[in-house]
Amino acid sequence: MEFHALHDAPFIFPNDAHPVWSIMIVLYPYITGMVAGAFVVSTMYHVFHREALRPVARLAVVTSLCLGACATLPLLLHLHQPLRALNVVVTPSPTSAMAGFGFIYSFYMLVLLIDVWLIFRPAIVERAGTATGAWRGVYRALALGVVEITPRAAEIDRRLVYALSMIGIPAACVLHGYVGFLFGAIKANPWWSTSMMPVIFLTSAIVSGIAVLMLLYLFLCQRSDMEPDAECVRSLSRLLWMFLLLAVVFEAIDILHVAYEREEEWHVIRALLSTQLRFSYLTLQIVIGSILPLLLLPLPAFSGRLGAGFRHSIAGVCAVLVLVQVAAMRWNVVVGGQLFSKSFRGFVEYPVDWFGREGLLAAAVVLAMPMVLLWGAMQLLPVWPPSLESESGAKT
Amino acid sequence: MSLFELPILPTLGAAAAGGCASGGCSSGGCGTGGCGSAQAERTSENSRREFLKTATTLTLGAMSLTLLPGVTAGDDMLPLPPPGGDGHAPAAKPMYGFLIDTTKCIGAGKCLTACRVENSVPEGQSRTWVERYVHYKDGRVEVDLVPETGYAGSGEVQPAAEDVLRAYFVPKLCNQCVDAPCNQVCPVHASIKSPEGIELVDTERCIGCGYCVQACPYGIRFMNHDTGVADKCNWCYHRVMRNEQPACVEACPTGARVFGRIDDPDSEISRRLATVPTNVLKQHLGTLPLTRYVGLTDEVT
Ligand code: SF4
Ligand code: SF4
């Protein structure tokens, strides 16, 4: 499988001329990754008792839920027959890697929904008693008729949240590792076909989840004139640095392994990286998205001397860079894998569409949707932790 | 000399005419040309073994498939051949194969037009196409499509005859993989194997996810612009069920496309398979294609 395009005249198979998977399929793992990553951050507090993350623990589950609610949107926009989408759960094929998504996603969302409800139950119950007018009805409905919380009930809730978070960790890992498997198991495509794909997807998912939370936290603090909790930002920075390092190492192992073995697929991958993906892979994903934040993150993560404002600014910049890295990685995998023909003799153009169902505008709307939902959720639920004094023994 | 009148790979052409194991000699490097009968016998033995293996795999495969609900042909599928024997038990399903003889293809493109008409294939998409390989004396290899494939730019290269070492045409169509990745990945049983082992798309079930298009290593599948569901060559299943030849086979003026029952030792395809060495595309992927080629070179992907 020599990639001939570099020295012979290019030739692509007729049906390869138009990539089948659009930017929506780039967004699908991007959003799903953040869902899993944000949830992992919340479990750091709820399961592993990382106290420093308390300020973002609630925000993390709510963000995960809002992102999760929009995770299927890009898929629906992509399907040529969206009205038949439910076939995936009604008549799933056991041999298909894709058929499992409906079940894994539904299970995860169910766990997450119950988790969120239990975490916010005290607040919901309290507001069901104090709110007036229509809001009162809303909170009573959200409380599912249970309008009282005894200390014993609070303790049971706490244990349930712990247990659900424990279930949620593997579920979130499966959810995103599985998305990686969708690509990694396609032997027809040498750029996708690697057993490392699930691991790479999973670590980059956690990275994107931490980054989106960091960004949200800093942004929300600034908007409401709150001083970000220094320990929280430090802890998030450390986590981000650690998981980014892991993600970069896994990605590097994979590519170096292929490069060193110089088997057939390397000819295709080398041609791809040195031409079509030169900017989005080498510049965006590696230099700007990986090396730069890896060098900068130790400042907010480990330095004790720098001023808080400076450290938080660097943390915010790194979060943006990391989100660019993960977006570039998804793009490079999904679109990059379709930029060469299976003839291995030529490259394919990816036409960027602006206004279509799968265009950039629709993509921007899809990306904005979880943030709109989050805004709505924040009107409804207190995402900041209750002050220590008002806590009634329940650690939520 | 016009575009498609370039000399066909001389060694292959001459050897095929003489009945020698052409592809084997040219690619295997025996080079003597005098190995005729012994090699033919070995080949014949190998082919028989291959055939028996394929036959067993197919039979077991078909049997196991019928056990899986949803994988077998649904009610909406084309009628199957009438039951044989006592009229109750269905007859053993026929098994089909496809042989492409690249040494015979002249790039006429009649097959492509016939397929487009027969299967209402939208312009700009293809169930089958014909590639032209031009090997230059300086070592370059150029590949393009014969114009009938229907693409702007196809067949535009005008090689100077004196620069050309050899040239040949390679028709492409569904390989009807026994272990078909397209079938494996379809999440909703819309990619199905007919009882005869032919890979079909159930257009009523397809959700248009495009996963099968990604999974086919040969670029055969496409999302049909007109119907919004996956589409592919199905060896003209509807014609085959009427005991007709696929449209492309019928249209080919040189017999470069041979279709028939591989469970019938007297069929033309069985006889050819038993006497001529054949290869499959991308063998290393283990898809076990039923479409076999005579005279495949390393350049063909
Ligand atoms: S050639 Fe492609 S479409 Fe045909 S059976 Fe094999 S994988 Fe499926
Ligand atoms: S496009 Fe249709 S046939 Fe192909 S995998 Fe998706 S549902 Fe199956």
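Read-outs throughout are calculated quantities, based only on the coordinates presented, and are distinct from any laboratory measurement. For clarity, every value in this text was computed on a predicted model and none was experimentally measured. With ideal geometry, Cβ positions are generated from the backbone for all residues, glycine too; neighbour counts draw on all protein chains shown.
General observations
- Expressed per residue, the C-alpha convex hull volume of the range B:248-301 stands at 109 Å³.
- Relative contact order of the range A:234-305, pairs being alpha-carbon contacts under 8 Å that are 6 or more residues apart, as %: 67 percent
- Couplings for the range A:15-22, taken from phi via the Karplus curve 6.51 cos²θ - 1.76 cosθ + 1.60 with θ = phi - 60°, read 7, 8, 4, 10, x, 7, 9, 9 Hz in order; Gly and Pro are left as x.
- In this structure, the amide hydrogen of B:Phe222, modeled 1.01 Å from its nitrogen in the peptide plane, lies closer than 5 angstrom to those of B:Asp231, counting only residues at least 5 positions away or on a different chain.
- With contacts taken as Cα pairs under 8 Å at a separation of at least 6 residues, the range A:43-116 carries a relative contact order of 27 percent.
- Among the DSSP helices (H) of chain A, those spanning at least 27 angstrom by Cα along their long axis with an average Kyte-Doolittle hydropathy of 0.5 or more are A:23-46, A:101-130, A:151-184, A:197-223, A:230-261, A:308-334, A:360-380; this is a geometric and hydropathy rule only.
- Relative contact order %, chain A, counting alpha carbon pairs below 8 Å whose residues are six or more apart: 31 percent
- Student exercise, the range A:162-305 dipole from Lys, Arg, Asp, Glu Cβ charges, in Debye to nearest 20: 140 debye
- A straight Cα-to-Cα reach below 22 Å connects A:Lys342 with the lysines A:Lys187, B:Lys172, B:Lys232, B:Lys282, residues fewer than 8 places away in its own chain not being considered.
- Per residue of A:97-104, other chain Cβ atoms within 10 Å of the residue Cβ number 3 on average.
- Most tightly packed first, judged by the mean number of other beta-carbon atoms within 10 Å of their residues, the peptides A:139-147, A:158-166, A:322-330, A:13-21 read A:322-330, A:13-21, A:158-166, A:139-147.
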